[in-house]
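Only one structure is covered here, and it is reproduced in the block below.
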Amino acid sequence: MSGKCEATGMSQENVSKYQYLHSHLTGTLEISEPSPDVLAGFVKPLQNTISSHSIHDSEIKRKDSLFNHLKKSVASKFPGSKLSAFGSAESGLSLKGGDFDLCLQIPDANEKKILKKIGGMLRGQGMEDVQIITGAKVPIVKFIDPRSGLHVDISINNTLALHNTRLLSSYANADSRVRELAICVKHWALHRNVSDSVNGTLSSYAWSILVISHLQEQGVIANLQSGDDRVVIELDDSDFDITINEENKIDAISDAKITHLLLSFFTNLAKRDWENDVISIRNGGSISRKEKGWKNENPSALDILNSEKEHPPRMGEHHLAIEDPFDLDHDLCRVVRPEGELRIRDELLRAAVLFGNGSTWKEICETVDSERLKNLEPVDIFHDLRDKSTESVQSMLEKTRGEMDALDRRIDALESERQSNLRMARAMRGIIEETSDLRKEHKSTIVRIKGRKSEIDEIKKKRDKINSDVILPIHMIEDELSKVYKRLTEELDIHRVPSLKKEKEQFSWFMELQAMHGKAREASELHQKFIELVTLQKEEIKKLKIYETKHDDATSKLLEQEPLLKDKNINSKEVGSYDRRVQNIQKALRQRRGEMHKLRREAGRLDAWLRKKSNPQQSNRNRSKRKGGRGKKQEKSSGPMTLGDISGLLSGMTSEPSSKRTRKVSSKKAGMRKMGNLSAHRGSRGHLKKKD
Ligand code: UTP
Ligand code: MG
């Protein structure tokens, strides 16, 4: 067994891969208690993490618009159906850029069939990356809305999820530390890659349940599922107790700060003896395995890891046992695979160790797989301005505005060039269409003339060939024929001695004349045909000239109306070249408008920073004032802003420098704006109401 740890059976490679877990299992891991100073050092970074994940108005608007659009375009196609939002977007426990979970409730539905149908509709609407996942516990259709950038999951009849979302939302409303701790834990889990149920670690939902369980055990929140009045619903022939008592309180509520709560979350879970009990928020934190009836089954994750078999057995169940609050037979760790389980335990130990050894929050959350997080990571859009003086940001803003003006002029020039090319192409196409009947006639006459010409040539050739073979003209042949015939058939002159030789000659001459006569007749018929065709050809050529004159007259009349086209070659090729020019200008315009959009964003960003710097209070007040409806779930954000936030800022900006710029928004631009704001296309904007 060389190279393997004797105590754990782990290979050297796995010892270093799961170093914290290995040390823990061999009893050599030290988790120190951080000093108050060290803990104090976590306050600001944790606050920054929390505020960086606060959801801005613009994100709520994007979700509302998309929700309304899907309600109209998808849900309305299934009679009796109801579309509801659930998950973190509704519970308020969402990280910035979190997905958007939707549930379509349809009575007696064939889920797979419906998901396929929805997938088709979404593809038809231009939604991206549409995938239908039917293998999971809850089949879903996943897609990305290219306009809002939102990642959406739609499931069918996922009714319990609507209820557990309501439960999570009630917990989030019970104490602000629920959301704060959930955000810190989810942020850490996301960066350490232990929150991905598809890839064998815990779901984001499971981490929320762990947070709630911890806060119940720490005396921060009461058990909201306890109480005498029970609400039971029946789903698929089973009863589910979905009681939520929002009024439940605890007598002596803990005033522990978020830093302490996060530290104890990591250390408690890291040191947790999973053998003993099951996480159960329904039971106020946990419940004994015996009471729950869930055994920590073999083989363990470590057994599987150490197995030398090519196909190790299936891992036993209920190792990191977490009971779903309503679906009591559902263990949230069912999705966890052996490697995932070991990584989760290793990561919890690592976080606890680093917390105690003076590492920073940034180090604790150091990203494991940055590629995976590319689109999710909120970016502090002011990061490059924080060290700059107001004057230098002001001059950056001036420069950007100067570039915007120059670009605006360039866009105007390109636009008028595009218009003139478009006009040319249209005018040419108009002339071509107006004279198209004449040109059609002209063309078909030419085709006929060409065809007839080769027929004439053919006939002429045949006729001339016969004429060169038959030396005598037809009338002479006929004369000669009758003479010879007469000679051959007249009465015999008894005074003359009959000559057989002469008779033979006369016969053969007669035969020859007969053959010549047939040919000559053919030549004469060919000649006749030739004359007819030549006459027809002359008439057609005359017609051709008439068409040409008519076409020229019509064209010059149209040219009088469209002087632009004077001295131009008017044909489809030329129209094509104008069309291509229009397309190229269009492409350049799109590019320039994209640049303009970026410049406008940049000017907005700089302007927002200057305003924020000159009056931070005002800026915060404005923002929090704008947060209606879901305000409870949102924080006043003083931390880094994201690109989503800047769209919100821009929509609220009134200080656009040049009035010319606002006036000049073309209908095209307005159209593009509408595209950005889905609600403009998709009817009046509604608000997602919390569903019962
Ligand atoms: P997610 O795992 O997406 O969680 O499950 P989330 O809270 O929305 O987190 P982020 O922000 O996307 O990372 C979405 C919802 O699916 C239901 C829950 O209602 C959860 O809120 N769900 C998920 C279950 O009911 N059971 C599960 O095992 C997982
Ligand atoms: Mg979600």
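The values are calculated or read from the model by the stated rules, or taken from the named source; none is laboratory data. Quick caveat: nothing in here was measured; it's all calculated off a predicted structure. A quick note on method: Cβ atoms are made from the backbone with ideal geometry, for glycine too, and the neighbour counts reach across all protein chains shown. For the accessible areas, the whole protein counts, side chains as well, though only heavy atoms, and no ligand, DNA or RNA atoms are used. Shrake-Rupley method; radii C 1.70, N 1.55, O 1.52, S 1.80 Å.
Quick notes on this structure:
- Using alpha-carbon coordinates, inclination of helix 258-271 to the longest axis of the chain, degrees: 90 degrees
- Sequence-distant residues sharing a close amide H with ILE156 (under 5 Å, placed H): LEU104
- When only the Cβ of Lys, Arg, Asp and Glu is charged (+1, +1, -1, -1), the dipole of the chain relative to its Cα centre reaches about 3860 debye.
- Over 23 Å [Cα-Cα, the range 472-571], rounded percent: 62 percent
- Share of carbon and sulfur in the accessible heavy-atom surface of the chain [1.4 Å probe, %]: 50 percent
- Principal axis extents of the C-alpha atoms in the range 142-247 (largest first, rounded to whole Å): 46, 37, 28.
- Placing R0 at 51 angstrom, the Cβ-Cβ distance between GLU540 and TYR485 gives a FRET efficiency of 0.65 after rounding to 0.05.
- Computed about the Cα centre, the dipole magnitude for the range 491-599 is approximately 1140 debye when only Lys and Arg (+1) and Asp and Glu (-1) carry charge, each at its Cβ.
- When the convex hull of its Cα atoms is projected in every direction, mean area for the range 47-162 (nm²): 7.4 nm²
- Cα-based values for the range 190-284, radius of gyration first and Dmax second, are 15.7, 45 Å.
- Distances between placed amide hydrogens fall under 5 Å for ASP324 paired with HIS330, LEU332, all partners being 5 or more residues away or on another chain.
- The chymotrypsin sites (Phe, Trp or Tyr not before Pro) found in the range 152-207 include none that occupy coil by DSSP while having at most 14 further C-beta atoms within 10 Å.
- Check: the range 341-486 dipole with +1 on Lys, Arg Cβ and -1 on Asp, Glu Cβ, in debye: 1440 debye
- Max-minus-min Cα coordinates of the chain on each principal axis give 163, 70, 57 Å, with the largest extent listed first.
- Percent of beta bridges antiparallel (DSSP, the chain, rounded to nearest 5): 80 percent
- Overall, the ratio between the Cα radius of gyration of the range 255-330 and 2.2 N^0.38 Å, rounded to two decimals, is 1.35.
- Length released on extending from SER16 to HIS311, taking residue separation times 0.36 nm less the Cα-Cα span: 103.8 nm
- Efficiency of FRET from Cβ geometry, SER176 and GLU247, R₀ 25 Å, rounded to 0.05: 0.90
- Per residue, the convex hull spanned by the Cα atoms of the range 237-369 measures out at 178 cubic angstrom.
- Look at the dipole of the range 481-623 built from charges on Cβ: of ILE541, LEU481, ASN584, the Cα furthest out on the positive end belongs to ASN584.
- Angle of helix 390-434 to the longest C-alpha principal axis of the chain, folded into 0 to 90 degrees and rounded to 10: 30°.
- Length released on extending from VAL231 to ILE471, taking residue separation times 0.36 nm less the Cα-Cα span: 74.4 nm
- The angle between the Cα long axis of helix 643-652 and the main principal axis of the chain comes to about 80°, on a 0 to 90 degree scale.
- Taking a Cβ cut-off of under 11 Å around ASN110, the surrounding Lys, Arg, Asp and Glu residues balance to a net charge of +2, with basic ones at +1 and acidic ones at -1.
- 3J(HN,Hα) from dihedral phi, the range 143-153, Karplus parametrisation 6.51/-1.76/1.60, rounded to Hz, x for glycine, proline: 6, 10, 7, x, 6, 9, x, 6, 8, 10, 10
- The orientation-averaged shadow of the Cα convex hull for the range 526-610, equal to a quarter of the hull surface, comes to 10.2 nm².
- Across the range 593-601, coupling constants 3J(HN,Hα) worked out from phi with the 6.51/-1.76/1.60 Karplus curve, θ = phi - 60°, read 5, x, 5, 4, 4, 5, 4, 5, 4 Hz, and Gly and Pro carry x.
- Per residue, the chain exposes 55 Å² of solvent-accessible protein surface, assessed with a 1.4 angstrom probe and all protein chains in place.
- Table column - 3J(HN,Hα) (Hz), the range 211-223, Karplus curve with 6.51, -1.76, 1.60, x for Gly and Pro: 5, 5, 4, 5, 5, 5, 5, 8, x, 8, 10, 7, 7
- Protection proxy ranking for 248-254, 291-297, 428-434, using the average of other Cβ atoms within 10 Å per residue and placing the highest first: 428-434, 291-297, 248-254.
- Most to least packed among 583-595, 394-406, 318-330, 154-166 [average Cβ atoms within 10 Å]: 154-166, 318-330, 394-406, 583-595
- Other-chain or far-sequence residues with amide H under 5 Å of PHE100's (modelled H): HIS151, VAL152, ASP153
- Each peptide in 470-476, 174-180 was scored by the mean count of other Cβ atoms within 10 Å over its residues; highest first, the order is 174-180, 470-476.
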